[in-house]
Amino acid sequence: MPERTIENRLREEYFDLLPVIRQVTLHLETIIRYRTLSILRDLKPYEQVVVKSRVKEYESAKNKLLRPQEGDVFDPDKSEEYSILKLRDLAGVRVLVFPHDRLKEVDQKLGENEPFKNWTSDPVKYARGFVQAPKYYGFCSEVSHIVQGEYQIIPMLIGHFWEVEHSAMYKPAGWAKGADKDHDMKTLRAKVECSLLRFEREFERFAKKNAQPPSETP
Amino acid sequence: MKKKDILWEADYRYNFDRDLFVNRKAKKAFSLEFVDDHREDEIRRRIEASTSSGGWTFYFNSDPSEGVKRELERVLG
């Protein structure tokens with residue numbers, strides 16, 4: 001009988017876990033929506049806070065386990081070291097915030113309550129490493145002690161850019177594979193991130209400078 | 001000349017599944033990370049280096065384990 005491949009074992013592990021991953025995702029999204037309600041009620045007309053969740057797909061999970069290894073192959077001698085459960089973002093939530101000023105407020109609001117109080121911080125560096133988006137991972141112990149969840153709070157313009165950019169770079173249908181590691185692409189991505197961030201900052205400055213409460217109608 | 005053009009001229013082709021520049025005739029493979037992190041003259045030197053073992057030579061930033069080498073030799077043919 002031919003030996004079972006690491007890919008096949010990981011696929012089975014993933015689909016066994018999928019119902020739990022879905023539960024953790026829903027739980028995480030619901031808590032975050034609830035905790036950010038007070039901020040939502042207080043938003044100015046031009047401000048936005050949007051909560052989005054996703055269950056990590058199998059291919060994406062497998063590629064993430066492969067990515068640290070140059071040559072993109074699993075080491076057959078370390079078969080037992082590979083596990084879907086090593087991934088921290090099987091259940092993921094993104095909180096997109098516009099403008100940037102609201103980011104700290106959302107971060108603080110979420111971090112001061114359970115279950116996030118003791119989650120591990122692992123900020124995302126972007127715009128050539130000058131800026132960090134808060135990111136945390138941990139367990140929603142009411143739902144699972146084995147599947148971890150992750151949430152990140154991102155400036156909205158950069159978040160929308162990443163949605164397009166990540167699906168092109170990390171979930172390729174073939175021809176674009178490797179684009180995420182290409183030096184020129186990395187440089188261009190950093191430039192886009194810097195530009196979007198500058199736009200948000202400039203908008204904030206402009207909005208504060210010209211802020212006028214709406215006149216009351218008689 | 002760009003590093004990728006140097007490899008292309010030396011008959012290295014990009015393997016999208018493995019993120020490697022591969023020359024099956026020379027039995028050499030460069031990882032994308034290695035190419036990114038080394039200068040043009042270093043890439044040229046390795047392209048021109050003679051290999052005597054008859055097996056594959058992998059130019060990686062971190063030396064691949066024996067298991068990874070075996071697996072890559074299997075998939076690269």
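A short reminder: the numbers here are calculations on the coordinates, not readings from a lab. Fair warning: this is a prediction, and the values are worked out from it, not measured in the lab. So basically every Cβ, Gly included, is an ideal-geometry build from the backbone, and we count neighbours across all protein chains shown.
Quick notes
- Rounded to the nearest whole angstrom, the semi-axes of the ellipsoid equivalent to chain B, taken from the Cα gyration tensor as √(5λ), stand at 19, 13, 12, largest first.
- Loop-resident sites, the stretch A:73-145, for trypsin sites (Lys or Arg not before Pro), counting at most 13 other Cβ within 10 Å (DSSP): A:Arg128
- Note that the stretch A:50-91, at 4 °C in a medium of 1.567 mPa s, gets a Stokes-Einstein diffusion coefficient of 112 µm²/s from its Kirkwood radius over C-alpha pairs.
- Rg then Dmax, both in Å and based on the Cα atoms of the stretch A:88-174: 13.9, 43.
- Checking every one of the GluC sites (Glu not before Pro) in the stretch A:1-74 against DSSP loop status and a limit of 14 other Cβ atoms within 10 Å picks out A:Glu3, A:Glu57.
- When each of A:Lys56/A:Lys86; A:Lys86/A:Lys191; A:Lys125/B:Lys2; A:Lys62/A:Lys86 is checked by Cα-Cα distance, pairs over 22 Å: A:Lys86/A:Lys191; A:Lys125/B:Lys2
- Applying the criteria of a DSSP loop state and at most 15 other Cβ atoms within 10 Å to the chymotrypsin sites (Phe, Trp or Tyr not before Pro) of the stretch A:86-169 yields A:Phe130.
- Cα-only radius of gyration and Dmax that characterise the stretch A:7-51, units Å: 16.9, 50
- Residue (of B:Ser53, A:Gly149, A:Gly159) at the positive-pole extreme of the protein assembly as shown, dipole from beta-carbon charges: A:Gly159
- Sorted by Cβ density within 10 Å, fewest first, the residues A:Ser144, B:Ser50, A:Ser79, B:Ser62: B:Ser50, B:Ser62, A:Ser79, A:Ser144
- Only helices enter this figure: runs of n ≥ 4 DSSP H residues, each worth -39500 (n - 2.57), summed and divided by the residues of chain A, yield -14500 deg cm²/dmol at 222 nm to the nearest 500.
- Helix runs (DSSP H) in chain A reaching 27 Å along axis by Cα, Kyte-Doolittle at least -0.5: A:6-35
- Cβ crowding within 10 Å, taken as a proxy for footprinting-reagent exposure, orders B:Asp17, A:Asp182, B:Asp41 from fewest neighbours to most as B:Asp41, B:Asp17, A:Asp182.
- Positive-end ranking of A:Gln48, A:Ala190, A:Thr5 along the dipole of chain A, with charges on Cβ about the Cα centre, is headed by A:Gln48.
- Computed from point charges on the beta carbon alone (+1 for Lys and Arg, -1 for Asp and Glu), the dipole magnitude for the protein assembly as shown about its Cα centre is near 580 Debye.
- Cross-link partners of A:Lys209 among lysines, defined as those whose alpha carbon lies under 20 angstrom from its own and excluding same-chain residues fewer than eight positions apart: A:Lys44.
- When only alpha carbons of the stretch A:6-156 are considered, Rg and Dmax amount to 16.9, 57 Å.
- Between the stretch A:39-84 and the stretch B:34-77, the Cα center-to-center distance that results, in Å: 30 Å
- Here the protein assembly as shown is treated as a Stokes sphere of Kirkwood radius computed over C-alpha pairs; at 4 °C and 1.567 mPa s its diffusion coefficient rounds to 59 µm²/s.
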